[in-house]
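Shown next, in structure tokens, is the structure this report addresses.
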Amino acid sequence: SIQYLSVKALGATNSTGIHIKDSSVYNSVQHCKISNGNSGYNFSYGIKISGANANFNAINNNVITASSYGIHLTGAYSSRSEGNSIIDNQLSMISRAAIRVSYTENILIKKNFIQSDPSSTYVFGIDVQNCGEFITITENNIDLEGASYAKGIHLNSTNGSNNNINLISNNFVNIRGNANSNSSRGVDLNFSGFIKRQRESHLQAEGLLF
């Protein structure tokens, strides 16, 4: 367990605040404060968990600022991670993706507060790539400003099943500034199916599609 840790990168362009790797399980990262100093278009990460079978990890109640990726959790093509949670985190000045998960299933992404770097041009609030069943994204507050290409919640190649439908519900997404109506979306589903969307009346933007 990692708790109440403060990390600040000074002048780094490709930094990682906390990195848990090599298929680690049953870890928790809680109440930490992480700043990479400059979000920009480098590959800085606030909290990163990676590896096949990186299961049952909890990333909760952290504050992450000035990163290209706030929280990045990835399993492996051959063995998805499962049982992880990302709850009640505050992520601000994010230039690429506040939360990105890939090659995982059975994950809960809940009650996170997300703000982008207004100078970013290509940004995701929650980005889900190549994932499976039991994906739950609920009660997140996402504010993306300035980017010409902005996706509040984006699912790509992520499929549930008849019996195990993925859920997107009760999220608030606000996209404002220079957003392009042809490329920006509140919720964007790409090659993804068996997804239930509930109570998305709170989604709003300036002339965008949802």
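The values are calculated or read from the model by the stated rules, or taken from the named source; none is laboratory data. Please read these numbers as outputs of a predicted model, since none were measured by experiment. Cβ atoms come from the backbone with ideal geometry, glycine included; neighbour counts cover every protein chain shown. Areas reflect the complete protein model, heavy atoms only, side chains present, ligands, DNA and RNA absent. Shrake-Rupley method; radii C 1.70, N 1.55, O 1.52, S 1.80 Å.
Surface composition of segment 1-127: carbon plus sulfur atoms contribute 48% of the solvent-accessible area (1.4 Å probe, protein chains only, all chains present).
Once the C-beta distance of residue 4 and residue 170 is scaled by a Förster radius of 25 Å, the resulting FRET efficiency is 0.25 to the nearest 0.05.
Each of the peptides 103-109, 3-9 was scored by the mean count of other Cβ atoms within 10 Å over its residues; in descending order, highest first, they stand as 103-109, 3-9. For segment 53-73, backbone nitrogen atoms closer than 14 Å to the point 7 Å from residue 26 Cα along Cα-to-C-beta are found at 55-58. The value for the chain of Rg(Cα) / (2.2 N^0.38 Å) is 0.94.
Probing with 1.4 Å while keeping every protein chain in the model, the per residue accessible area of the chain equals 43 Å². Only lysine pairs 8 or more places apart, or on different chains, with alpha-carbon atoms under 18 angstrom apart are counted in the chain, and they number 9.
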